[in-house]
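**Student:** Okay, handing you the structure first.
The values are calculated or read from the model by the stated rules, or taken from the named source; none is laboratory data. As the structure is a computational prediction, the values presented were derived from the model and not from experiment. FYI the Cβ positions are ideal-geometry reconstructions off the backbone, even for glycines, and counts take in every protein chain you see.
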Amino acid sequence: MADQCAQSGKDNRSPIPVIRWEEPPEGPVVVLLDQRRLPAEEAELVCADVPALVDAIRTLAVRGAPLLGIAGAYGVALAAARGVDVGAAAAELAGARPTAVNLAVGVRRALAPYRAALAGGGDRRQAAEAALGAARALHREDAEASARMARHGLALLDDLLPGGAHRVLTHCNTGALVSGGEGTAFAVALEAHRAGRLSRLWVDETRPLLQGARLTAYEAARNGMPYTVLTDNAAGSLFAAGEVDAVLIGADRIAADGSVANKVGSYPLAVLARYHRVPFLVVAPVTTVDATTPDGASIEVEQRAGHEVTEVAVPWTAGAEGGGGIPVTPRGTRAYNPAFDVTPPELVTAIVTEEGVVSPVTTGALAVLCDRSRQVTI
């Protein structure tokens, strides 16, 4: 089946789901909120096959570690329902963004019951239903995990920063746009806001694709939070002025030793935070911890197209290979464009998960947390 993606506009005044499964007469589809078009326009992307969904993942129409896991699971269910080669579709989905461990976790989550149903004598329809059930369960679980992370994170903030008027700096986007619930790091800030204990949310622009300026500011405005956007290179000035009480970021992969891969620009914030004695907190579900990746040096860091740096497009709607934006560098300029950087565990004050807080961040402490999570799940 050829790629099929269609777009439909939505009323800006009413929030819409970031991902959902639908079954129109022409067959099942995965519907996404197209994050490339925010904040200018809320538009949905309707993906009727796996190649379309993979393209949406690679071009950041859908993004963020927990949400990529959900998208991967729904992608397996879509392949099963459409009757294509599920194994090949799963491999394509899992490799779409190599640094984000949740994507592969979500793919495996739906693939396992699909294969088990077939092995148990079920037909392809029953196997497809098993995959969809797993995807929906993952979606629900992520929403529940988000709420628990928010509570754990606010309790930690209150413990570290007695007084209650928290000024928090965040990087990239970690709210409802990356989650089945209200997010990871952003959800903690939102919990503080609802409790009357958020004085200011400082929002890094997060260049080159401006996920902070476009997406985090969009979510903060929707929730009535006190926020201010700054260029990434202004963060040092903010720390020096004593205006940051804590840094809150998410994670795309956490190695077994506690090294954290997150949107590029996170590591410099950790260095600044350590120098200025400011807590640096990572908020992520347990599924983001990858025990098979021993340390930060073992994390594969995705390298993205140079045009994302050498051109500017707002809203960003270019494909993975093309450009089409306004040039900001001389023709032929080469660009260094890693999607992520890696923060070593010694610079991380704590990792906040749905199962609790790890501090200090060590291999042993993370292993205990993951073992406890598996026991709870079972």
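The rows are residues; the columns are (1) in contact with a Leu (Cβ under 9 Å, 6 or more places away or on another chain); (2) part of a helix (DSSP H, G or I); (3) closer than 30 Å to Leu272 by Cβ.
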| site | (1), (2), (3) |
| --- | --- |
| Gly121 | no, no, no |
| Ala134 | yes, yes, no |
| Ala150 | yes, yes, yes |
| Gly153 | yes, yes, yes |
| Leu169 | yes, no, yes |
| Asn173 | yes, no, yes |
| Ala189 | yes, yes, yes |
| His193 | yes, yes, yes |
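**Student:** Restricting attention to the stretch 193-208, which residues are farther than 25 Å from Pro268 by Cα and either free of Cβ contacts under 8 Å to residues at least 40 places away in the same chain or in contact with a strand residue (DSSP E or B) (Cβ under 8 Å, 6 or more places away or on another chain) (or both)?
**Tutor:** Pass one, the stretch 193-208, residues farther than 25 Å from Pro268 by Cα: 193-197.
His193, Arg194, Gly196, Arg197, listed by residue number.
**Student:** While we're here: Only one of Ala234, Ala221, Ala251, Ala297 is closer than 25 Å to Ser179 by Cβ, in a helix (DSSP H, G or I) and not β-branched (Val, Ile, Thr); which? Talk me through it step by step, then tell me what you get.
**Tutor:** Values: Ala234 fails: closer than 25 Å to Ser179 by Cβ; Ala251 fails: in a helix (DSSP H, G or I); Ala297 fails: closer than 25 Å to Ser179 by Cβ.
Sole residue among the options that is closer than 25 Å to Ser179 by Cβ, in a helix (DSSP H, G or I) and not β-branched (Val, Ile, Thr): Ala221.
**Student:** Quick check: anything in the stretch 182-193 surrounded by fewer than 24 Cβ atoms within 10 Å (Cβ to Cβ), among the small types (Gly, Ala, Ser), in the same structural domain as Ala220 (by TED's automatic domain parsing) and out of contact with any His (no Cβ under 9 Å at 6 or more places or on another chain)?
**Tutor:** Within the stretch 182-193 (the criterion being surrounded by fewer than 24 Cβ atoms within 10 Å (Cβ to Cβ), among the small types (Gly, Ala, Ser), in the same structural domain as Ala220 (by TED's automatic domain parsing) and out of contact with any His (no Cβ under 9 Å at 6 or more places or on another chain)), the answer is no, since none of the residues qualifies.
**Student:** So, one more: Out of curiosity, is Thr292 part of a loop (DSSP other than H, G, I, E, B) and touching a residue at least 24 places away in the same chain (Cβ under 8 Å)? Working first, answer last.
**Tutor:** Values: part of a loop (DSSP other than H, G, I, E, B): yes; touching a residue at least 24 places away in the same chain (Cβ under 8 Å): yes.
Spelling it out, Thr292 is indeed part of a loop (DSSP other than H, G, I, E, B) and touching a residue at least 24 places away in the same chain (Cβ under 8 Å).
**Student:** Looking at Pro66, Pro98 in this structure, which one is at pLDDT below 95 and in a loop (DSSP other than H, G, I, E, B)?
**Tutor:** Numbers: Pro66 fails: in a loop (DSSP other than H, G, I, E, B).
On inspection, the qualifying residue turns out to be Pro98.
**Student:** I would also like to ask the following. Which one of Val84, Val105, Val54, Val31 is assigned to a strand (DSSP E or B) and out of contact with any His (no Cβ under 6 Å at 6 or more places or on another chain)?
**Tutor:** Working: Val84 fails: assigned to a strand (DSSP E or B); Val105 fails: assigned to a strand (DSSP E or B); Val54 fails: assigned to a strand (DSSP E or B).
Selected residue: Val31, the only one of Val84, Val105, Val54, Val31 that is assigned to a strand (DSSP E or B) and out of contact with any His (no Cβ under 6 Å at 6 or more places or on another chain).
**Student:** Can you pull out the residues in the stretch 254-308 that are aliphatic (A, V, I, L, M) and in contact with a Lys or Arg (Cβ under 6 Å, 6 or more places away or on another chain)? Steps first, answer last, please.
**Tutor:** So the first thing to find is which residues in the stretch 254-308 are aliphatic (A, V, I, L, M), and the list is 254-256, 260-261, 264, 269-273, 278, 281-284, 286, 289, 291, 297, 299, 301, 305.
Residues satisfying the conditions are Ala261, Ile299.
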